[in-house]
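See structure below.
Since every read-out is calculated from the coordinates, none of them should be taken as a lab result. Everything numeric here is computed off the predicted structure, so don't read it as measured data. Heads up, the Cβs are rebuilt from the backbone with ideal geometry, glycines too, and the neighbour counts pull from every protein chain shown.
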Amino acid sequence: MTLQSRRWTKYAISVDLNNDGVFDTASLIVHKPENNGSGMSYAGRARLLQQAGELPIASGLYPLGTEFLHSVRYLQPMDDSSIVLAKRMKELRYARKETWYTYGELWQVADREAAERTLDDDAVRAMVG
């Protein structure tokens, strides 16, 4: 099956995306965050892990194990003063979420980084891992 033929196929994911209490086709995704993620669920494999109690959930945070991949591209100036993406790529970046932080822990990290910036504007941000 090609990507083109799969694009229009409906998949039942058993997630109530519009929060109307019915598993149907959703034209609007409704987000109603509850305390500690109750009433919310992931989809796919992350949902199975969440239901087994192996994966925490919080509104607006990616599940553990989420992988990110993106390219960093060069820009190429053209003769007509326009700018386009160059044919070559500068680098390909990959990351994987391995650690879960609560909202409180995320606020502490942000506050610590803000305090460090006030002490030294030229400081380079340390990336662990």
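How many nm is it between the label spots at Gln51 and Gln108, if each spot is 7 Å from the Cα in line with the beta carbon?
3.4 nm
Amide H neighbours of Arg73 under 5 Å, counting only residues 5+ apart in sequence or on other chains, H built in-plane at 1.01 Å?
The answer is Lys90.
For the pair Ile29 and Val84, what calculated FRET efficiency results from E = 1/(1 + (r/R0)^6), where r is the Cβ-Cβ distance and R0 = 35 Å, to the nearest 0.05?
0.55
Label Gln76 and Leu61 with points 7 Å out from Cα along Cα→Cβ: what is the distance between them in nm?
Taking the simple label geometry, Gln76 and Leu61 are separated by 4.3 nm.
Between Val22 and Glu116, what is the label-point separation in nm under the 7 Å Cα-to-beta-carbon projection?
5.2 nm
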